[in-house]
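Trainee: Provided herewith is a single structure, encoded as structure tokens, for subsequent inquiry.
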Amino acid sequence: MKKIAILTSGGDSQGMNTAVRAVAKTAMSKGMEVFGIKRGYKGMLEDQIFQMSALDVSGIADHGGTILLSARLSSFKDPEVRAKAAENLKKRGIEGLVVIGGDGSFHGAHYLYEEHGIKTIGIPGTIDNDIAGTDYTIGYDTALNIILDAISKLKDTATSHERTYLIEVMGRNCGDLALYAAIAGGASGVMIPEVKASTDDIAKVIRERRAEGKLYDIIVVAEGAGNILDIEKELAQKIDTDIRVTILGHVQRGGAPTANDRILATKLGVKAVELLIDGEAGLMVGMESGKVTTHKLSYAWENYSKSSEEDYKIATMLSL
Ligand code: F6P
């Protein structure tokens, strides 16, 4: 394989640049020509494709965001749109494509391979950690640490004012960011989409904590668990303490990737190119139990399993 392309797609995540760098540098070191596609599948469709030099990826391992820019293109579900986009690779003789993104991006990569023979490899890049075939997605660790930093700051002010803080975190339909932030941040409660928790349960814990003399409560709410303002209203009827809501938002997707995310992104990026060199395609790479593994792209969404109920029990057991 002489020419490959790279794109980043969907919500950006910290470590995408690190992965782009690893893919580009590995491929260049093997004598390949490397093309960058701007704005994900949108740029592929609109022919925003350029040849990358080593300089393009120099010094970006620690940069948040993505130098290739990212976008969501819902029309990529249309086979005709995919055919037009694939043509832009074929006319340049680009045979391989590394797609860095979440499960929507993996669907696109899957169809490009199945329908047009583009040799695609997916690298899981999303803060949501909602992809099977890898223990962690690139960006998840960094986002988790951003949430922990926020929890620790909120604890200070919550304590001074003896308040209950509800903090909404991202994750789409996946509760991992909320659950593990609650465990690592010593939260007083957590609400995730995978496990039904009522405001009655949360209110009970808060009352017990206050009866023990505790001065604050931090409740982590996954965005997929329900509307945080409705939760606040419901809770306000059940407890006496003052409540404040913090929606952390896109700050969770920015900043320098953690060491873990950089190492993960680098190892997966290198492996993606090795697979293409070996003639493999239609696969995703992941890290499972400390080993780099590969699965069919469809494995990512067909085998996705929800947040661990056991870990949810740990979080609630320690909330008092
Ligand atoms: O998938 C990543 C993610 O950050 C989700 O956690 C969140 O629900 C969504 O993207 C936000 O999307 P947007 O950046 O388009 O607002």
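The values are calculated or read from the model by the stated rules, or taken from the named source; none is laboratory data. Note that the structure is a prediction, hence the values are computed from the model and not measured. All Cβ positions, even for glycine, are placed from backbone atoms using ideal geometry, and neighbour counts span all protein chains on display. Surface accessibility is based on the protein's heavy atoms, side chains included, excluding ligands, DNA and RNA. Shrake-Rupley method; radii C 1.70, N 1.55, O 1.52, S 1.80 Å.
Trainee: Could you check what % of the DSSP bridge pairs in the stretch 1-140 are antiparallel, to the nearest 5? Don't jump to the answer; show the numbers that get you there.
Mentor: Details: 3 of 19 bridges.
If we restrict to bridges inside the stretch 1-140, about 15 percent are antiparallel.
Trainee: How much of the DSSP beta bridge set in the chain is antiparallel, as a percent to the nearest 5?
Mentor: Numbers: 10 of 42 bridges.
Of the beta bridges lying entirely in the chain, close to 25 percent run antiparallel.
Trainee: Calculate, for Ser289 and Lys90, the FRET efficiency according to 1/(1 + (r/R0)^6) with r their C-beta to C-beta distance and R0 35 Å; round to the nearest 0.05.
Mentor: Numbers: r = 38 Å, r/R0 = 1.09.
With a Förster radius of 35 Å, E is 0.35.
Trainee: Please check which bits of the stretch 292-320 a label hung off Glu208 would reach, taking the label as a point 7 Å along Cα-to-C-beta and the cut-off as backbone N under 20 Å.
Mentor: Within reach of a label on Glu208, which here means backbone N under 20 Å from a point 7 Å along Cα→Cβ, the stretch 292-320 contributes 309-320.
Trainee: On average, how much accessible surface per residue is there in the stretch 45-151, in Å², for a 1.4 Å probe, leaving out ligands, DNA and RNA? Walk me through the numbers before you get to the answer.
Mentor: Numbers: 4230 Å² over 107 residues.
Spelled out: the 1.4 Å probe surface of the stretch 45-151, per residue, equals 39 Å².
Trainee: Return the whole-Å distance between the Cα centroid of the stretch 35-56 and the Cα centroid of the stretch 149-197.
Mentor: Centre-to-centre (Cα) distance: 38 Å.
Trainee: Another one. Ordered by packing density, taken as the mean number of other Cβ atoms within 10 Å over each peptide's residues, highest first, how do 194-206, 136-148, 273-285 rank? All intermediate terms of the calculation are to be shown ahead of the outcome.
Mentor: On the way: 194-206: 17.3, 136-148: 25.3, 273-285: 19.2.
Most protected by this proxy first, the peptides run 136-148, 273-285, 194-206.
Trainee: Quick check: Cα centre of the stretch 216-243 to Cα centre of the stretch 289-306, how many Å?
Mentor: 34 Å
Trainee: Tell me which of Leu320, Gln237, Leu68 sits at the most positive position along the dipole axis of the chain, charges placed on C-beta atoms (Lys, Arg +1; Asp, Glu -1).
Mentor: Value computed over the given set: Leu68.
Trainee: Run lengths n ≥ 4 of DSSP H only: what is the helix-derived mean residue ellipticity at 222 nm for the chain, with -39500 (n - 2.57) per run over all residues, to the nearest 500?
Mentor: Working: 11 runs with 132 residues, N = 320.
For the chain, the value works out to -13000 deg cm²/dmol.
Trainee: Moving on. Per residue, how much accessible area does the stretch 231-320 have with a 1.4 Å probe, in Å²? Provide the component values of the computation, followed by the final result.
Mentor: On the way: 5010 Å² over 90 residues.
That works out to 56 Å² per residue.
Trainee: Let me ask something else about it. If we restrict to alpha carbons, what Rg and Dmax does the stretch 212-302 come to, in Å?
Mentor: In Å, with Rg to one decimal and Dmax whole: 21.3, 64.
Trainee: So for the chain, averaging the separation of alpha carbon pairs under 8 Å that are six or more residues apart and normalising by length, what relative contact order in percent results? Intermediate values should be presented prior to the final figure.
Mentor: Values: 741 pairs, mean separation 76.2, N = 320.
This gives 24 percent for the chain.
Trainee: May I ask you to list, by number, the DSSP H helices of the chain whose Cα span along the axis is at least 30 Å and whose average Kyte-Doolittle hydropathy reaches -1.0 or more?
Mentor: Numbers: long enough: 140-161 (31 Å, 0.01).
Helices passing the filter in the chain: 140-161.
Trainee: So what's the stretch 1-147 giving for Cα Rg divided by 2.2 N^0.38 Å, two decimals? Intermediate values should be presented prior to the final figure.
Mentor: Details: Rg = 14.3 Å, N = 147, 2.2 N^0.38 = 14.7 Å.
Compared with the compact-globule rule of thumb, the stretch 1-147 sits at 0.97.
Trainee: Something else about it: Which listed residue (Ala85, Ser307, Thr258) has the Cα farthest towards the positive end of the charge dipole for the chain, taking +1 on Lys and Arg C-beta and -1 on Asp and Glu C-beta about the Cα centre?
Mentor: Ala85
Trainee: Among the aspartates and glutamates, which have Cα under 20 Å from the Cα of Lys91 when same-chain residues fewer than 8 positions away are ignored?
Mentor: Glu33, Glu46, Asp47, Glu80, Glu114, Glu115
Trainee: Expressed as a whole percentage, what fraction of the accessible surface of the chain belongs to carbon and sulfur atoms when a 1.4 Å probe is rolled over the protein heavy atoms?
Mentor: Carbon and sulfur atoms account for 48 percent of the accessible area of the chain.
Trainee: A further question follows. Relative to 2.2 N^0.38 Å, what does the C-alpha radius of gyration of the chain come to as a ratio? Two decimals please. Each step should come with its number before you reach the end.
Mentor: Numbers: Rg = 21.5 Å, N = 320, 2.2 N^0.38 = 19.7 Å.
It is 1.09.
Trainee: Rounded, prolate or oblate for the stretch 1-51? Axes are the square roots of the Cα gyration tensor eigenvalues, ordered a ≥ b ≥ c, and the cut-off for rounded is a/c under 1.5. The partial results should precede the final answer.
Mentor: On the way: a/c = 3.16, a/b = 1.24, b/c = 2.55.
Oblate is the answer for the stretch 1-51, as a/c is 1.5 or above yet b/c matches or exceeds a/b.
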